[in-house]
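Asker: The structure under discussion is supplied below as structure tokens; questions concerning it will follow.
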């Protein structure tokens, strides 16, 4: 059986990874990711930093006109880790179904 990824397993980080995975390699800007996850600015920023330090997310900062913009996207390592964690979760659910 696959193993749990402790970095991804935390609920908000799992939501972030799922949202970024759904974008098929395209970045999501901070306000959109905040709306999807229903996180506060500080909480989202903190969890993105954790994912970035793990090498799972790349953060891009630039400007649109004079306004700063922060975007996040999955790295190849992050995509692989997310797939493995989803496989682990599926195995857990399937094992529970077999026991029922």
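Asker: Please specify each residue of region 42-83 satisfying the condition of being part of a helix (DSSP H, G or I) and over 13 Å from residue 12 (Cβ atoms). First the steps, then the outcome.
Answerer: Just the residues of region 42-83 that are part of a helix (DSSP H, G or I), to begin with: 42-53, 76-83.
Within region 42-83, 52, 53, 76, 77, 78, 79, 80, 81, 82, 83 meet the criteria.
Asker: Specify the residue that is farthest from residue 59 (Cα to Cα); the eligible residues are those in region 23-35 that are exposed (fewer than 14 other Cβ atoms within 10 Å of the Cβ) and modelled with pLDDT under 95.
Answerer: 24
Every residue, every condition in (1) within 24 Å of residue 3 (Cα to Cα); (2) at pLDDT 95 or above, yes or no:
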| position | (1), (2) |
| --- | --- |
| 48 | yes, yes |
| 71 | no, yes |
| 85 | yes, yes |
| 91 | yes, no |
| 94 | yes, no |
| 98 | yes, no |
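Asker: Kindly indicate whether residue 33 is in contact (Cβ under 8 Å) with a residue 24 or more places away in the chain and closer than 19 Å to residue 85 by Cβ.
Answerer: Values: in contact (Cβ under 8 Å) with a residue 24 or more places away in the chain: yes; closer than 19 Å to residue 85 by Cβ: yes.
The answer is yes for residue 33.
Asker: Being surrounded by fewer than 16 Cβ atoms within 10 Å (Cβ to Cβ), assigned to a helix (DSSP H, G or I) and in contact (Cβ under 8 Å) with a residue 12 or more places away in the chain is the filter; apply it to region 1-20 and report the residue that is farthest from the chain's Cα centre (by Cα). Before you say what the answer is, go through the steps one by one.
Answerer: Taking region 1-20 first, the residues surrounded by fewer than 16 Cβ atoms within 10 Å (Cβ to Cβ) are 1-4, 6, 9-11, 18.
Next, from what is left, pick out any that are assigned to a helix (DSSP H, G or I): 6, 9, 11, 18.
Subsequent filtering for residues that are in contact (Cβ under 8 Å) with a residue 12 or more places away in the chain retains 9, 18.
Working: 9: 10, 18: 5 Å.
It comes out as 9.
Asker: Here is a list of conditions, (1) free of Cβ contacts under 8 Å to residues at least 24 places away in the same chain; (2) buried (at least 16 other Cβ atoms within 10 Å of the Cβ); (3) in contact with a strand residue (DSSP E or B) (Cβ under 9 Å, 6 or more places away or on another chain), and residue 56 meets all of them except one; can you say which number that is?
Answerer: Going through the list (1) free of Cβ contacts under 8 Å to residues at least 24 places away in the same chain; (2) buried (at least 16 other Cβ atoms within 10 Å of the Cβ); (3) in contact with a strand residue (DSSP E or B) (Cβ under 9 Å, 6 or more places away or on another chain), residue 56 breaks only (1).
Asker: Please verify whether residue 81 is free of Cβ contacts under 8 Å to residues at least 60 places away in the same chain, on the phi < 0 side of the Ramachandran plot and in contact with a helix residue (DSSP H, G or I) (Cβ under 7 Å, 6 or more places away or on another chain), treating the condition exactly as stated.
Answerer: Numbers: free of Cβ contacts under 8 Å to residues at least 60 places away in the same chain: no; on the phi < 0 side of the Ramachandran plot: yes; in contact with a helix residue (DSSP H, G or I) (Cβ under 7 Å, 6 or more places away or on another chain): yes.
So residue 81 fails the test.
The values are calculated or read from the model by the stated rules, or taken from the named source; none is laboratory data. Source: prediction; values computed, not measured. Methodologically, a virtual Cβ is constructed for each residue, glycine included, from the backbone with ideal geometry; neighbour enumeration extends over all protein chains shown.
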